[in-house]
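This report concerns only the one structure given below.
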Amino acid sequence: MTDAIPFYLHDLGEAELDAVRAVLATPILTTGDTVNEFQQRFAAYLGRRHAIGLSSATGAIHLALTALGVGPGDEVITTPMSFVATATAILQAGAVPVFVDIEADTGNMDVTLVEAAITPRTRAILPVHLYGQMVDMRPLRALADRHGLAIVEDAAHCVEGERDGVRPGMLSEAACFSFYATKNLNCGEGGALVTDDAERAGLIRRLATHGVTKTAADRAKEGYRHWDMDVFGWKYNMSNIQAAFLLPQFLRLERKVADRQALAERYCRGLASVPGIMVPAQRPRSQSAWHLFVIRSLELDRDTLLARLQQAGCGVVVNYLPIHLTAYFRERFGYRPGDFPLAEQWGDSVLSLPFWPGMGMDRVDRVVDQVRAAVAGASRT
């Protein structure tokens, strides 16, 4: 339908095309100078010493855990309210994810539940800054320090987030980011990791390129030199083409987060009068990156609301169904409904509405009207 509202539209354009053309005019399309420039810009933006451009946030989490020595027999505490990659990256490292339930009003990991989940096998904690709002990192860091545990942040939603003066990567051993097609900073597919530890950063760079000691860009600059493989690695490196898409977007990051903030406030005002619709709470002294705008449908069945909005031409998705109730985790680990009640309540009721910088207040108002009509239609049936 012509008046349909998509879930998301990117704003990549001429600046990104010019940057990619510049890369195509060089002989190195894989990891090279453009990636190095991106890494410097990204580290500076977050105030961290080192950034490593990678192929995905999933790869970033896997490498961060591996570089910290997490492996078979170890446990990593995380949340079931996330995309499955949060937990599968732990499995890729050879460890076992241990879930704790979430805060009832934000959907974020409940930090007060973490200590009870710690066992002698626990090696790390993996918080997820859901939808762009940061987990309470100060008490989590204090808890991790008391127990000698590492923290790896899943900041896939949270490049621009801040809470109590803390930004991603400030209170952890590493923070991991996604540049997937719908992310605030995006290049179709991609990711990054930041850390302040130089030795860890060097190891992760090698782990991301098969563990070899010379990259293609190194060999192009220096002439061929025999290389070695001194650690088992994977293929997770970022290409110059991906980095070229990302670099121009730094100029728009702050404007875009301000735009998302304004759109979110408009949504909140409009939805406040719609019965049975709840918007996640925002913590004080906190700036959400506003990656997604989600609601919870507390009276009308979520899937009914989803179907009605789709029929009206409104692009909606679910972020997320709880990880522990997916078929794989149920079959492998024996999880059952009721194990994490709050995450399950969110999984049954949450819905992501159309949301992107530049969508305009008129589209927000139309979506609000569509939600109101869907809810009112339910009350008449």
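Restricting attention to segment 86-110 and to residues that are surrounded by fewer than 20 Cβ atoms within 10 Å (Cβ to Cβ) and among the aliphatic types (A, V, I, L, M), the residue that is farthest from Val152 (Cα to Cα) turns out to be Ala104. Considering segment 43-66 alone, what residues qualify as being surrounded by fewer than 24 Cβ atoms within 10 Å (Cβ to Cβ) and either in a helix (DSSP H, G or I) or modelled with pLDDT under 95 (or both)? Once the filter is applied, which keeps residues that are surrounded by fewer than 24 Cβ atoms within 10 Å (Cβ to Cβ) and either in a helix (DSSP H, G or I) or modelled with pLDDT under 95 (or both), segment 43-66 yields Ala43, Ala44, Tyr45, Leu46, Thr58, Thr66.
Is it the case, given these coordinates, that Arg252 is closer than 25 Å to Gly358 by Cα, among the basic types (Lys, Arg), surrounded by fewer than 16 Cβ atoms within 10 Å (Cβ to Cβ) and modelled with pLDDT of 95 or more? Answer is yes for this residue.
Residue-level check: of (1) surrounded by 14 or more Cβ atoms within 10 Å (Cβ to Cβ); (2) out of contact with any Ser or Thr (no Cβ under 8 Å at 6 or more places or on another chain), Gly165 misses just (1).
Applying the set (1) in a helix (DSSP H, G or I); (2) farther than 18 Å from Val364 by Cβ; (3) free of Cβ contacts under 8 Å to residues at least 60 places away in the same chain to Ile241 leaves exactly one unmet item: (3).
Within segment 1-26, residues that are under 18 Å from Phe38 (Cβ atoms) reach partners that are of a type in the set (Phe, Trp, Tyr) and in a helix (DSSP H, G or I) with beta carbons closer than 8 Å, at six or more positions or on different chains, in the pairs Leu12/Phe245; Glu16/Phe245; Ala19/Phe245; Val20/Phe245. Mind listing whichever residues of segment 307-326 are crowded, with 18+ Cβ neighbours inside 10 Å, more than 21 Å from the chain's Cα centre (by Cα) and assigned to a helix (DSSP H, G or I)? Residues satisfying the conditions are Arg308, Leu309. In a residue-by-residue description of segment 137-154, the property of being among the charged types (D, E, K, R) and crowded, with 24+ Cβ neighbours inside 10 Å applies to at least one position. Filtered by the rule that a residue be within 16 Å of Ser239 (Cα to Cα) and touching a Pro at 6+ places or on another chain (Cβ under 9 Å), segment 19-53 gives a lone residue, Ala19.
The residue that is nearest to Ala64 (Cα to Cα), among those in segment 230-243 that are under 21 Å from the mean Cα position of the chain (by Cα) and crowded, with 18+ Cβ neighbours inside 10 Å, is Tyr236. Scanning segment 34-66 for residues that are without any contact (Cβ under 8 Å) to a residue 60 or more places away in the chain and within 20 Å of the chain's Cα centre (by Cα) gives a single hit, Ala44.
Restricting segment 172-208 to residues that are over 13 Å from Ala64 (Cα atoms), among the small types (Gly, Ala, Ser) and buried (at least 24 other Cβ atoms within 10 Å of the Cβ), which is farthest from the chain's Cα centre (by Cα)? It comes out as Gly190.
Scanning segment 209-229 for residues that are outside any strand (DSSP E or B) and touching a strand residue (DSSP E or B) at 6+ places or on another chain (Cβ under 8 Å), we see that the one that is surrounded by the most Cβ atoms within 10 Å (Cβ to Cβ) is Thr215.
Only residues that are crowded, with 20+ Cβ neighbours inside 10 Å and touching a helix residue (DSSP H, G or I) at 6+ places or on another chain (Cβ under 7 Å) were counted across segment 30-42, and they come to 5.
A count restricted to segment 111-132 and to residues that are surrounded by fewer than 19 Cβ atoms within 10 Å (Cβ to Cβ) and over 26 Å from Ala67 (Cβ atoms) stands at 3. Between Arg269, Arg260, the distinction of being charged (D, E, K, R), assigned by TED's automatic domain parsing to the domain that holds Gly358, closer than 24 Å to Asn184 by Cβ and in contact with a Phe, Trp or Tyr (Cβ under 6 Å, 6 or more places away or on another chain) belongs to Arg260 only. Asp339 falls short of the stated requirement of being part of a helix (DSSP H, G or I) and among the acidic types (Asp, Glu). State which residue is farthest from the chain's Cα centre (by Cα) when the search covers only segment 327-378 and only residues that are closer than 23 Å to Asp105 by Cα and among the hydroxyl-bearing types (Ser, Thr, Tyr). Here the residue is Ser349.
The values are calculated or read from the model by the stated rules, or taken from the named source; none is laboratory data. In this text the structure is predicted, and so the values were computed from the model without any measurement. Note that we place each Cβ from the backbone using ideal geometry, even for glycine, and neighbour counts take in every protein chain shown.
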